[in-house]
Amino acid sequence: MILDCAGKCVDLSRPQVMGILNVTPDSFSDGGCYQRTQAALQHAHQMVADGAAIIDVGGESTRPGAPAVSVAEELDRVLPVVEALSRELPVPISIDTSKAAVMREAVKVGAGFINDVAALQHTGALAAAAAGLVPVSLMHMQGEPRTMQSAPHYDDVVREVYDYLLQRVAICRLKGIKQEHLIIDPGFGFGKSLAHNLALLKALPKFVATGLPVLVGISRKSMIGTLLNAELGDRVIGSVAAAVLAANVGVKLIRVHDVKETVEALKIVSAVNSYRECEKEEL
Ligand code: YH5
């Protein structure tokens, strides 16, 4: 299967990497706006050279305690980057936002994918995504970014996340978004304890069985940090291991910081999974 992102394609017959590009001021604290933009562009080019199939540009931090960002501020941060990368890169640019206005403007300047951690629940987002005519990923979150990790609770985390995502898919379909444009994401770390995250990781085949492409973001998250007792910089191998587990059960898009390492690991997964007996003469 091929995902058509405003004319640029992603081959979903094998697992692909979505490279994370943060354009929040804290990501490049030194330098002004111009330097920040230049550094972001360079980082994106490197991720594509390393094998990223899509670049996810985000200007709003979803970390607990991060300040809210106005529409104007978010547009100032992301639009120059989305516009330049859409022009310069052969891969689609994803806009990581929950704001309808940011979705609209980003698609206007070339974004080919919408990544919304709020699954289009914010005002105007369903209409903006439908009008955008680009693929959209719908992510599950319990609560709001500021408070979601304080005391997450579920009776049955897998069932609740699954039901929520299929409900959002149904609403998107009613609003005119094509089935071929919908991607689901269980939302690792968004209102989830370590046990919740592990239950969801183990249940990924259930999400894959919907037939919709599944996206996951586990890279460097606190579930890896907790399991390894490791700080951010020491979570690469744990993150790659989680990516391999997900890809091996059919997850098609893996959102990561460490593109080169993940791409290499996923090449092994897809070589094994696409190997057929009749090809053995070629070895
Ligand atoms: C996701 O899962 N996540 S932003 C905390 C970390 C490390 C990384 C404590 N956007 C997702 O990446 N979009 C984010 O260390 C996302 N799926 C989708 N679709 C959070 C993040 C992070 C948070």
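The values are calculated or read from the model by the stated rules, or taken from the named source; none is laboratory data. Model, not experiment: these values are computed from the prediction. All Cβ positions, even for glycine, are placed from backbone atoms using ideal geometry, and neighbour counts span all protein chains on display. Note: accessible area is taken over every heavy atom of the protein model, side chains too, but ligands, DNA and RNA are not part of it. Shrake-Rupley method; radii C 1.70, N 1.55, O 1.52, S 1.80 Å.
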Worksheet item: Does A6 satisfy the condition of being of a type in the set (G, A, S) and in contact with a Gly (Cβ under 8 Å, 6 or more places away or on another chain)?
Response: yes
Reported set for the range 7-28 where residues are outside any loop (DSSP other than H, G, I, E, B) and more than 15 Å from the chain's Cα centre (by Cα) is K8, C9, D11, P25, D26, S27, F28
Quiz item: Looking at this structure, is A66 closer than 28 Å to R146 by Cα, among the small types (G, A, S) and modelled with pLDDT under 95?
Solution: yes
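Has the range 147-160 got any residue that is among the basic types (K, R) and assigned to a loop (DSSP other than H, G, I, E, B)?
Going residue by residue through the range 147-160, those that are among the basic types (K, R) are 159.
When the remaining residues are screened for being assigned to a loop (DSSP other than H, G, I, E, B), the result is none.
Looking through the range 147-160, none of the residues is among the basic types (K, R) and assigned to a loop (DSSP other than H, G, I, E, B).
Residue under question is G65, and the condition is that it be free of Cβ contacts under 8 Å to residues at least 60 places away in the same chain and either of a type in the set (K, R) or out of contact with any Gly (no Cβ under 9 Å at 6 or more places or on another chain) (or both); does it hold? Outline the logic, then answer.
On the way: free of Cβ contacts under 8 Å to residues at least 60 places away in the same chain: no; either of a type in the set (K, R) or out of contact with any Gly (no Cβ under 9 Å at 6 or more places or on another chain) (or both): yes.
Considered against the rule, which asks whether it is free of Cβ contacts under 8 Å to residues at least 60 places away in the same chain and either of a type in the set (K, R) or out of contact with any Gly (no Cβ under 9 Å at 6 or more places or on another chain) (or both), G65 comes out as no.
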Inside the range 113-144, the number of residues satisfying the requirement of being open to solvent by less than 40 Å² (accessible area, probe 1.4 Å) and within 15 Å of the ligand (Cβ to nearest atom) is 18
L198 vs (1) assigned to a helix (DSSP H, G or I); (2) away from the ligand (no atom under 12 Å from the Cβ); (3) under 15 Å from the mean Cα position of the chain (by Cα): all pass except (3)
Note on the range 62-100: residues within 14 Å of the ligand (Cβ to nearest atom), among the small types (G, A, S) and over 14 Å from G112 (Cβ atoms) are G65, A66, S98
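Being surrounded by fewer than 19 Cβ atoms within 10 Å (Cβ to Cβ), at negative phi and not in a loop (DSSP other than H, G, I, E, B) is true for just one of A40, A68, A106, A101. Which residue is that?
Details: A40 fails: surrounded by fewer than 19 Cβ atoms within 10 Å (Cβ to Cβ); A68 fails: not in a loop (DSSP other than H, G, I, E, B); A106 fails: surrounded by fewer than 19 Cβ atoms within 10 Å (Cβ to Cβ).
Sole residue among the options that is surrounded by fewer than 19 Cβ atoms within 10 Å (Cβ to Cβ), at negative phi and not in a loop (DSSP other than H, G, I, E, B): A101.
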Against the condition within 16 Å of the ligand (Cβ to nearest atom), open to solvent by 20 Å² or more (accessible area, probe 1.4 Å) and more than 15 Å from F113 (Cα to Cα), how does Q149 come out, does it pass? yes
Screening A246, A209, A242 for residues that are open to solvent by 10 Å² or more (accessible area, probe 1.4 Å) and among the aliphatic types (A, V, I, L, M) leaves only A209
